[in-house]
Amino acid sequence: MKIEANSGRTIVITGAGSGIGRAAALACARRGDKVAVLDISSQAVAQTAAESLVAGAEGALGLVCDVCDEAQVEAAFARSSDAFGPPYGVFANAGIDIGGLIHEMPLENWDRILRTNLTGIFLTCKHGLRHMLGANVRGSVVCSASPAGFVAQAAGSCGAYSATKGGISSLVRCMAIDYAPFGIRVNAVVPGATETGMMWNNVEPAQRDAMRAQLYREIPLGRLGQPEDPARAVLWLLSDQSDYVTGSHLVCDGGILAKSSISV
Ligand SMILES: NC(=O)c1ccc[n+]([C@@H]2O[C@H](COP(=O)([O-])OP(=O)(O)OC[C@H]3O[C@@H](n4cnc5c(N)ncnc54)[C@H](O)[C@@H]3O)[C@@H](O)[C@H]2O)c1
């Protein structure tokens, strides 16, 4: 892929310690951005920050931040702006997946997934937007949504996760309208089944090969996504190349959402 010329802009990414967030940080680093990488895992953010510098980032700051905690999110944006100036781009990406049937789900699991996936995106956008607005930055916000926000996953037991992702999709459309007058674009990336920790967290190791083979058969493009697949879409949304795109969902799922789940 042709990498956009050194932009030197500041990009803040949550959930950057692994998976799609880490891949997006490295993609931004390769085009010469300054990256503030946030994650709840201190070891993981330190690693991503170090890798970002090696990849070519003009600057990289690893910040431990739980996106559920407003004080931590506020402090992380303050530290990023102090070091690198206000963000041009924010990738609100941190998320978790807790499966289970609704009638069996403890309230604490429901609360935890809502706080991380939906409140965490709200807090990231809230403080990111404040820094952009305060500095008159005509920037770009991208949120991690999911096919599960559009259709129920055929395997089931995904009510809580899907509810958070549907909420993110609604929030993205509303923010796109609210911040368009300021020149700030807000979009969603919709990764399909992507090979990350989250993909396999709820799957027994012994079942993974069979599940991978089944996914290869069922995904129209015949393979699982790699973290770099949605990361490339995010990179485009976090650039001037997409400057007439707001309120959209960039689906990067190998064709999953385009396909009916019944075969006749
Ligand atoms: N992997 C997929 O198949 C897939 C599909 C669709 C959407 N997504 C979405 O993409 C996003 C990234 O997922 P991924 O697949 O890269 O997963 P991942 O588990 O590899 O990465 C998620 C990162 O978020 C961090 N995190 C978790 N809770 C946090 C918190 N409270 N505060 C800060 N950081 C926290 C984790 O430490 C981890 O580094 C998620 O929002 C997920 O819902 C993933």
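The values are calculated or read from the model by the stated rules, or taken from the named source; none is laboratory data. These numbers were taken from a predicted model, which means no experiment stands behind them. Here the Cβ is made from the backbone with ideal geometry for all residues, glycine too, and neighbour counts use every protein chain on show. Just the protein is used for accessible areas: all its heavy atoms, side chains included, with ligands, DNA and RNA removed. Shrake-Rupley method; radii C 1.70, N 1.55, O 1.52, S 1.80 Å.
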Exercise. Looking at A16, A23, which one is under 22 Å from L237 (Cβ atoms), in contact with a Pro (Cβ under 9 Å, 6 or more places away or on another chain) and either open to solvent by 20 Å² or more (accessible area, probe 1.4 Å) or within 15 Å of the ligand (Cβ to nearest atom) (or both)?
Worked result: A23
Problem set entry | Residue count, the range 205-232 (criterion: open to solvent by 90 Å² or more (accessible area, probe 1.4 Å), out of contact with any Gly (no Cβ under 6 Å at 6 or more places or on another chain) and hydrophobic (A, V, I, L, M, F, W, C)) | 1
Problem set entry | Sole residue being assigned to a helix (DSSP H, G or I), open to solvent by 50 Å² or more (accessible area, probe 1.4 Å) and more than 14 Å from the ligand (Cβ to nearest atom), chosen from A50, A46, A29 | A50
Exercise. Could you give every pair whose Cβ atoms fall below 7 Å, whose first residue belongs to the range 96-123 and is closer than 18 Å to S146 by Cα, and whose second residue is more than 15 Å from the ligand (Cβ to nearest atom), counting only separations of at least 6 or pairs across chains?
Worked result: G99/S157; G100/S157
Problem set entry | Among the candidates A60, A83, A5, residue that is open to solvent by 10 Å² or more (accessible area, probe 1.4 Å), over 25 Å from W200 (Cβ atoms), modelled with pLDDT of 95 or more and not in a helix (DSSP H, G or I) | A60
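Take the residues of the range 152-181 that are surrounded by 14 or more Cβ atoms within 10 Å (Cβ to Cβ) and over 20 Å from G120 (Cβ atoms): which is nearest to the ligand (Cβ to nearest atom)?
To start, the set of residues in the range 152-181 that are surrounded by 14 or more Cβ atoms within 10 Å (Cβ to Cβ) comprises 153, 157-169, 171-173, 175-176, 179.
If we keep only those that are over 20 Å from G120 (Cβ atoms) too, we end up with 153, 157.
Numbers: Q153: 10, S157: 15 Å.
By that ranking, first place goes to Q153.
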Seminar exercise, completed: Considering the range 233-252, residues that are in a loop (DSSP other than H, G, I, E, B) and open to solvent by 20 Å² or more (accessible area, probe 1.4 Å), and then whichever is nearest to the ligand (Cβ to nearest atom), we arrive at S248
